[in-house]
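Below is one structure, written out as structure tokens; the observations come after it.
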Amino acid sequence: MLRRDKFKCVECETPCSRGDADIHHLLPRSAGGTDEPSNLVTLCDGCHAAHHPKLAAGLGRRAIERWAVRLARWLDRRGEVPEEGQNFGPALRLFGLDRFRDGQLAVVQAALAGRSILVVSPTGFGKTLCFQLPAVLRRQVSVVVSPLKALMGEQVSALLRRKIPSSFINSDIDVDEKRLRYRLLASNHIKLLYAAPERFFVRNLNEQQLLRSLRPAFLVIDEAHCVDQWGVDFRPEYGRLKEVREALGSPPVLAFTATAGQDMQERILKSLGIPDAQVFVRGVDRPNIALCRWSVAVDERPGVIAQLCRVRMPSRGKVMIFVPTRKIGEALQKHLSEQGLRTPFYHSQLGDAWKREQLLKRFSGESRPEVDRIICTSAFGMGLDIKNVRLVIHWQHPSSIEDYLQEFGRAGRDGKASVAVLLHDRSNTRRDIGLLQFMADRAVGNAQLSPAEALAASNHKATQIDRMARLTTCQGCFREALVGYFMGPRRAERRSFSTWLLELVFADRGVQQQRADCCDSCQQRFISRQGPLAFVRKVLCD
């Protein structure tokens with residue numbers, strides 16, 4: 001089209017390069033016009049906008065985007081603005097978005113610059129877009145390692161609704177379907193391929209060879225904390241992803257997790273073979289969630305939880321209660337029921353997968369009758385995003401700080417005031433620690449490890465439990481201690497002018513609701529006078 005029209009606007013004869021030209025339909029598609037060359041002409045931005053007065057703002061914005069990228073690339077001295085930047089606007093619109101969320105653009109730029117990255121950020125940051133958009137802008141397939149079949153199916157379905165060719169390979173699909181998907185993969189008709197790490201080590205050598213012969217644009221590790229937490233005992237293939245990367249031609253690794261402290265970050269990068277990867281830590285500090293540690297003896301915890309469940313939740317807010325074991329959860333469920341507070345209990349042995357899925361849908365509001373409270377173990381749906389959880393209660397501290405951040409971070413994802421209550425017994429910390437250590441030793445004992453590996457795994461888990469226990473009883477601001485564990489000393493970010501320009505055009509500067517009710521330590525005077533329950537009511541009801 002451009003060559004036919006001599007790289008000029010057919011109306012005003014302004015020269016138009018490939019990046020500046022707009023293709024205009026003489027007879028609109030809505031009136032039956034086709035995409036045949038005879039129905040298409042080259043126009044400049046101004047003439048094109050004149051033909052579409054109802055779309056003038058949108059067309060004008062696209063012109064601004066093109067010029068902003070061009071100027072940013074001309075000013076770029078650090079190699080921060082990728083060539084694909086000129087397609088940020090169309091790519092965002094492909095995903096139904098106008099702008100990046102705060103922090104996303106920097107991650108996408110690093111990925112498109114060919115750097116391996118690790119992104120640590122709670123759910124709600126939009127980590128999925130940070131690897132799907134770069135994958136769409138590259139010619140080759142991108143391989144996504146995902147831990148759960150449900151997550152694979154959910155993400156692939158969302159991509160297919162956007163007309164983005166994507167697929168997954170797992171044991172749920174039959175042989176013929178799997179053969180067809182591999183054929184599409186070989187002919188480069190799939191943009192994103194989802195698979196579990198075990199898929200790269202299947203006994204079928206032909207299938208293994210097909211996967212390992214890929215040369216993807218990116219190797220994406222979703223839920224990357226599984227590399228550290230599962231790679232030793234539970235799912236050892238997570239510990240072999242470095243080997244997978246090498247077999248795939250060592251593409252850039254894009255790793256994403258909701259929670260990983262500084263030590264875990266180093267272990268993840270080392271395990272993946274990318275020790276020099278760029279690390280982004282975003283959204284660890286959730287100022288809209290007040291943190292409350294409440295010292296309560298074990299025998300009194302059911303009564304305290306019943307009191308908390310009776311606190312009036314604003315806007316039909318929901319309550320999540322995390323328990324360490326099925327036995328404790330069932331006993332708590334019975335106590336709450338006797339108090340007239342019927343509460344379902346979600347755990348990994350709850351019926352079949354369909355029954356568990358239905359309970360999750362009722363809690364998320366997708367199915368009826370809806371439930372506003374739920375007791376759950378750590379098996380509660382990974383990746384599930386429910387906006388209006390107002391109160392998260394922990395029967396006791398979990399086995400790691402990373403687990404605690406991920407679990408209490410389910411509160412307040414809509415930015416509204418919420419509370420995370422952590423029950424503990426300051427006078428008898430060994431009881432809670434002993435239960436967690438017993439569970440950890442049992443998990444290590446069930447894994448097929450050598451004596452040396454078992455000892456190392458057991459010591460590592462004991463260290464994580466001890467860190468969480470010390471954080472639970474630390475003096476000073478609880479929030480500062482928690483954030484410091486993940487981020488270390490805070491440093492001001494320095495941005496180049498070219499990056500600032502791209503953020504101005506393509507990104508939002510998100511503002512999360514701020515709260516003065518930081519934590520139990522910062523509100524010690526109020527709590528000593530009126531008690532922790534009054535503090536919870538103050539945050540949720542004021």
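The values are calculated or read from the model by the stated rules, or taken from the named source; none is laboratory data. Computed from a predicted structure; not experimentally measured. Don't worry about glycine lacking a Cβ; one is built from the backbone with ideal geometry, like all the others, and counts go over all protein chains shown.
Before we move on, is I268 at pLDDT 95 or above, among the β-branched types (V, I, T) and crowded, with 22+ Cβ neighbours inside 10 Å? The answer is no for I268.
Looking only at residues of the stretch 384-419 that are basic (K, R) and in a loop (DSSP other than H, G, I, E, B), we find that the one that is nearest to S364 (Cα to Cα) is K387. Would you say V319 is closer than 25 Å to V281 by Cα, buried (at least 19 other Cβ atoms within 10 Å of the Cβ), touching a Cys at 6+ places or on another chain (Cβ under 8 Å) and β-branched (V, I, T)? It is false that V319 is closer than 25 Å to V281 by Cα, buried (at least 19 other Cβ atoms within 10 Å of the Cβ), touching a Cys at 6+ places or on another chain (Cβ under 8 Å) and β-branched (V, I, T). If the condition is being assigned to a loop (DSSP other than H, G, I, E, B), in contact with a helix residue (DSSP H, G or I) (Cβ under 6 Å, 6 or more places away or on another chain) and closer than 18 Å to E154 by Cα, then the stretch 111-143 contributes only G126.
Return yes or no: is C376 touching a residue at least 60 places away in the same chain (Cβ under 8 Å) and in contact with a strand residue (DSSP E or B) (Cβ under 9 Å, 6 or more places away or on another chain)? No. G114 meets all of the listed conditions (1) at negative phi; (2) at pLDDT 90 or above; (3) assigned by the TED database to the domain that holds V156 but one, namely (1). Considering the stretch 395-408, and only residues there that are more than 13 Å from Q464 (Cβ to Cβ) and surrounded by 23 or more Cβ atoms within 10 Å (Cβ to Cβ), the residue that is modelled with the lowest pLDDT turns out to be F408.
Of the candidates A297, A260, the single residue that is surrounded by fewer than 16 Cβ atoms within 10 Å (Cβ to Cβ), touching an Asp or Glu at 6+ places or on another chain (Cβ under 9 Å) and either assigned by the TED database to the domain that holds P344 or under 25 Å from T463 (Cβ atoms) (or both) is A297. Considering the stretch 63-84, the residues that are without any contact (Cβ under 8 Å) to a residue 60 or more places away in the chain and outside any helix (DSSP H, G or I) include one that is farthest from S17 (Cα to Cα), namely G79. Looking across the stretch 415-439, the residues that are modelled with pLDDT of 85 or more and either among the polar types (S, T, N, Q) or over 23 Å from P302 (Cα atoms) (or both) come down to K416, A417, S418, Q437. The condition (being charged (D, E, K, R) and at pLDDT 90 or above) is satisfied by just one residue among R479, R490, R495: R479.
Tell me, which residue of the stretch 285-311 that is of a type outside the set (A, V, I, L, M) and touching a Gly at 6+ places or on another chain (Cβ under 7 Å) is nearest to F478 (Cα to Cα)? In this case the residue turns out to be R286.
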